[in-house]
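Visitor: This structure is in structure tokens; I'll ask about it shortly.
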Amino acid sequence: MANTLRVVLVFGGRSAEHDVSILSARSVAAAASSDRVEIVPMCMAKDGRFMTVERSAAVLARGEASDRGDDDFSFEVWSRTADVDVAFPLIHGTGGEDGALQGYLETIGLPCIGSGVTASAVGMDKVHMKQAFAAAKLPMVDFVPVAENEWRNERERVTRSVVNALRLPYFVKPANSGSSVGVTKVKSDADLAKAVEFALRFDDKVLVERGIDAREIEVSVLGNDQPQASLPGEILAGREFYDYEDKYIENKSQLVIPAKLPKEKTDELRRIAVAAFRAVGASGFARVDFFLERGTNRLFLNEINTIPGFTNISMYPKLWEATELKYSRLIEKLIELGIEHSRRRADRLKGAMEWLEGEKRLS
Ligand SMILES: Nc1ncnc2c1ncn2[C@@H]1O[C@H](COP(=O)(O)OP(=O)(O)O)[C@@H](O)[C@H]1O
Ligand SMILES: [Mg+2]
């Protein structure tokens with residue numbers, strides 16, 4: 001087993017997507033384990049603390065409860081002697097996808113698969129994400145950002161600016177969330193305040209967007225410096241929009257892979273997906289979600305997800321399968337990309353330290 005890569009798969013987390021993360025991790029562990037890859041499971045329990053490798057393995061293998069972490073277990077201490085080659089953070093949403101976990105892994109010295117701290121944070125915060133997309137001149141629906149203090153102190157002015165800038169229906173959403181948690185479709189101005197208050201339960205910043213009647217198309221992106229885009233796929237929502245119920249409870253939505261689209265639209269989607277990936281400075285992998293407006297046939301970027309759902313039936317890997325990269329090979333590729341990206345970062349850090357030492361000697 002000399003050349004086996006040890007990959008610590010970090011899953012669970014304190015977010016609404018805890019259970020989805022377990023499903024993603026279970027799929028990855030089953031598909032990735034080979035004579036080249038050894039998966040070491042590391043579950044962050046719902047209370048935000050890590051569980052021992054043994055208990056984490058039981059969560060994956062037997063669905064054991066993951067409510068509580070282990071008081072006397074330290075991931076950091078464990079990692080010093082665990083001989084891990086790379087960490088695969090697979091926690092969706094807050095605390096996993098927003099740079100916090102990436103920063104922790106970096107701080108304890110573990111190379112990491114996927115986006116680093118900055119890209120994760122920018123990708124997670126819908127206001128910053130849109131600013132990055134706007135700087136790259138990528139198409140988006142009109143929106144108005146609303147900060148909690150503005151809303152509390154100047155509600156009338158904020159409401160007026162929304163009414164003047166946007167057409168009904170609106171979509172109101174927290175800047176940092178995911179899984180459609182806190183998202184409301186607003187059909188009359190009288191319902192705006194309730195939707196903003198609801199979104200403010202999840203973040204102190206919300207967005208009001210022009211709601212459009214659109215097909216929802218997603219593209220998978222893979223790579224570091226030369227990211228590639230997969231074929232697009234389409235989500236057929238089972239409810240009025242692709243809300244939390246639809247994603248995780250009713251399961252009536254369907255994936256159409258590849259999406260039925262003319263070649264030019266497919267090409268445009270792939271091009272914008274790569275541009276979006278670059279705009280936030282993502283690395284490794286990300287899923288880029290679009291709206292294709294019915295009637296006008298115009299494309300709008302909705303969002304980038306730097307840790308997309310990763311079960312073997314999730315959109316991200318399914319799109320790669322349709323683009324002729326099968327699930328187990330995709331995981332190997334991600335491991336390679338993560339190691340490459342981290343190695344370059346470590347080399348640069350070493351170079352910087354050497355330069356600094358040189359400067360000190362000179363002075
Ligand atoms: N501007 C919009 N127009 C039409 N539908 C929207 C709009 N914004 C969000 N939606 C619907 O709400 C869902 C969740 O919104 P999204 O911004 O993707 O949040 P999340 O990050 O929670 O997935 C989308 O998949 C879509 O169905
Ligand atoms: Mg979404």
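The values are calculated or read from the model by the stated rules, or taken from the named source; none is laboratory data. This one's a predicted model, so the numbers in the text were calculated from it and none came from an experiment. Note: ideal-geometry Cβ built from the backbone for every residue, glycine included; neighbour counts use all protein chains shown. Side chains included, ligands, DNA and RNA excluded: accessible areas come from the protein's heavy atoms. Shrake-Rupley method; radii C 1.70, N 1.55, O 1.52, S 1.80 Å.
Visitor: Tell me which of these S230 doesn't satisfy, since it passes every other one: (1) closer than 30 Å to I91 by Cβ; (2) more than 16 Å from ligand 1 (Cβ to nearest atom); (3) surrounded by fewer than 19 Cβ atoms within 10 Å (Cβ to Cβ); (4) of a type in the set (S, T, Y).
Guide: (3)
Visitor: Still on this structure: In the stretch 105-117, which residues are over 14 Å from G281 (Cβ atoms) and touching a residue at least 12 places away in the same chain (Cβ under 8 Å)?
Guide: The answer is L105, I108, G109, L110, P111, C112, I113.
Visitor: Also, I was wondering about something else. If you take the residues in the stretch 76-92 that are within 23 Å of the chain's Cα centre (by Cα) and either assigned to a strand (DSSP E or B) or free of Cβ contacts under 8 Å to residues at least 60 places away in the same chain (or both), which one is nearest to G123 (Cα to Cα)?
Guide: Of everything passing the filter in the stretch 76-92, P89 is nearest to G123 (Cα to Cα).
Visitor: Modelled with pLDDT of 95 or more and over 26 Å from V7 (Cα atoms), is that true of R361?
Guide: So R361 does not fit the description; no.
Visitor: Name every residue in the stretch 108-150 that is open to solvent by less than 20 Å² (accessible area, probe 1.4 Å), of a type outside the set (V, I, T), assigned to a loop (DSSP other than H, G, I, E, B) and touching a strand residue (DSSP E or B) at 6+ places or on another chain (Cβ under 7 Å), in order of residue number.
Guide: Scanning the stretch 108-150 gives L110, G114, S115.
Visitor: Continuing with the same structure: Tell me which residues, restricted to the stretch 274-292, are within 15 Å of ligand 1 (Cβ to nearest atom) and open to solvent by less than 30 Å² (accessible area, probe 1.4 Å).
Guide: Answer for the stretch 274-292, where residues must be within 15 Å of ligand 1 (Cβ to nearest atom) and open to solvent by less than 30 Å² (accessible area, probe 1.4 Å): A276, V280, A286, V288, D289, F290, L292.
Visitor: Among the residues of the stretch 1-21, what is the count of those that are in a helix (DSSP H, G or I) and either open to solvent by 20 Å² or more (accessible area, probe 1.4 Å) or assigned by TED's automatic domain parsing to the domain that holds V183 (or both)?
Guide: Residues meeting the conditions: 2.
Visitor: Looking only at residues in the stretch 79-95 that are out of contact with any Gly (no Cβ under 6 Å at 6 or more places or on another chain), of a type outside the set (K, R) and over 21 Å from H18 (Cβ atoms), which one is surrounded by the most Cβ atoms within 10 Å (Cβ to Cβ)?
Guide: V84
Visitor: Test each condition in (1) surrounded by fewer than 18 Cβ atoms within 10 Å (Cβ to Cβ); (2) in contact (Cβ under 8 Å) with a residue 24 or more places away in the chain; (3) within 12 Å of ligand 1 (Cβ to nearest atom) for A237 and report the one that comes out false.
Guide: (2)
Visitor: Kindly evaluate S230 against the criterion of being within 14 Å of ligand 2 (Cβ to nearest atom) and in contact with a strand residue (DSSP E or B) (Cβ under 9 Å, 6 or more places away or on another chain).
Guide: Against the criterion (within 14 Å of ligand 2 (Cβ to nearest atom) and in contact with a strand residue (DSSP E or B) (Cβ under 9 Å, 6 or more places away or on another chain)), S230 does not qualify.
Visitor: Right, another one. Here is a check on your reading of the model: is S220 hydroxyl-bearing (S, T, Y), within 16 Å of the chain's Cα centre (by Cα) and at pLDDT 95 or above?
Guide: yes
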